Amino acid sequence: MKRTVMLGVGTALPERMVPNAELETMIDTSDEWIVQRTGIRQRYIAGETETTASLGADAAKAALENAGVDAQSIDLIVVATATPDNTFPATSVEIQNRLGISHGYAFDVAAVCTGFIYALATVDAHLKAGLAKRALVIGAETFSRILDWEDRTTCVLFGDGAGAMVVELQDVDADTPDEGAGILAVSLRSDGSHKEKLYVDGGPSSTQTVGKLRMEGREVFRHAVGMITDVIENVCGQTGIAPSQIDWLVPHQANRRIIEGSAKKLGISMDNVVMTVDKHGNTSAASVPLALNEAVQDGRVKPGDTLLLEAMGGGFTWGAILMRV
Ligand code: ACO
């Protein structure tokens, strides 16, 4: 059967790393509060010349190199971002240009923290529909540019970065949904009634400003675990693979307590969870590929492993993808 198969991953981070101690000098907060409530110890913040497109292009180059394929073999680029360089053109088209590609097509997906899951699911559908053969899926963000740096309840949580995955449609030796490599199951959800809990208070049509991120953190937290376990149970149910049988849970990295709560509820051991929130903070659409790349590069993820990617965020949007590498 035909499946979307991962060929490689890669990432890019801004040069400047900002530890919690540096935030202590800017706002009324402490390393102890941030670590205890979130697990975050540091984040990377983009400098003037670093943008969502530049980070996304660098992550794409790393993913192409790790996959051992040429940029010219890519005929589809989908970028998940809530912080595009410009209102238009799409950041994906800018990245396409930076990679020297002028064939095929590129577009952006907006699902905030769930963006990478939505983008990978979208690419999977495009490849299976025969619209393209080999694609780049990128999550890239510069959330530092939409943070209110005087609001300690939000500015300590987020960071900048980008992650990319090269995928292609392959004939896979599999008779049942749980056998063989590639994307095995997808579950996507959204519910716009939660807008006020996490949103940006600007935009071209509403205020003609870029706006700043606003969040009722406790309310987001209250919904997160239930929504995450819902989509994970859905993708596992489609294949007959139990959450506890997964080799690696690669969750959106928003908060250590949300990740631990979800894993516990699903019976997944923390030994099988990839955690990078301490190093990157919440990088929104970039967080899942940033985490996955770390586990691939350090050898934890091996060929044949089953991966469960999941995320939840602004909208609310939430989703999960079950795949085998
Ligand atoms: N430093 C020190 N104190 C702080 C800080 C800070 N940075 N921020 C808030 N506080 C204070 C508050 O003012 C409050 O003080 P008070 O009791 O005197 O009023 C106290 O800490 C407790 O605040 P809470 O908001 O109740 O703290 P909580 O335990 O809920 O933790 C947090 C806050 C970390 C935001 C948590 O609610 C959370 O993680 N929510 C999930 C939000 C999230 O991760 N969103 C990311 C986007 S969505 C996603 O990616 C899933």
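The values are calculated or read from the model by the stated rules, or taken from the named source; none is laboratory data. These figures come from a predicted structure and were not determined experimentally. So basically every Cβ, Gly included, is an ideal-geometry build from the backbone, and we count neighbours across all protein chains shown. When the accessible area is computed, the model is the full protein with side chains, heavy atoms only, and any ligands, DNA or RNA have been set aside. Shrake-Rupley method; radii C 1.70, N 1.55, O 1.52, S 1.80 Å.
For the chain, build the charge dipole from Cβ charges (+1 Lys, Arg; -1 Asp, Glu) around the Cα centre, then report which of W248, A295, G10 sits farthest towards its positive end. Farthest towards the positive end: W248.
Taking a straight Cα-Cα cut-off under 18 Å and skipping sequence neighbours fewer than 8 places away in the same chain, the lysines within cross-link reach of K212 are K195, K197. Peptides 214-224, 275-285 ranked from most to least packed by the mean count of surrounding Cβ atoms within 10 Å: 275-285, 214-224. In a reduced charge model with +1 at each Lys and Arg Cβ and -1 at each Asp and Glu Cβ, the chain shows a dipole moment near 400 debye about its Cα centre. Against the empirical curve 2.2 N^0.38 Å, the C-alpha radius of gyration of region 237-325 lands at a ratio of 1.01.
Of the solvent-accessible surface of region 182-324, computed with a 1.4 Å probe over protein heavy atoms with every protein chain present, carbon and sulfur atoms account for 49 percent.
Charges were assigned to the Cβ only: +1 to each Lys and Arg, -1 to each Asp and Glu. The resulting dipole of region 2-171 about its Cα centre is roughly 740 debye.
Report note on the peptides 313-324, 83-94, 166-177: ranked by the mean count of other C-beta atoms within 10 Å, highest first, their order is 313-324, 83-94, 166-177. In summary, the aspartates and glutamates within cross-link reach of K2, defined as a Cα separation below 16 angstrom excluding same-chain residues under 8 places away, comprise D124, E168, D171, D173, D175, D178, E179. Between the C-alpha center of region 271-287 and that of region 100-173 there is a gap of 15 Å.
Seen from A295, the other residues with C-beta closer than 11 Å to its C-beta sum to a net charge of -2, counting Lys and Arg as +1 and Asp and Glu as -1. The H on the amide N of G8, modeled in the peptide plane, is under 5 Å from the matching H of V166, each at least 5 residues off or on a different chain. For the chain, the calculated P(r) over all alpha carbon pairs, in 20 Å bins from 0 to the bin holding the longest distance, is 35, 59, 6 percent.
Note on V301: accessible area approximately 20 square angstrom, rounded to 10, probe 1.4 Å, nucleic acids and ligands left out. For region 194-325, the Cβ-based charge dipole about the Cα centre amounts to some 240 debye (Lys, Arg positive; Asp, Glu negative; other atoms uncharged).
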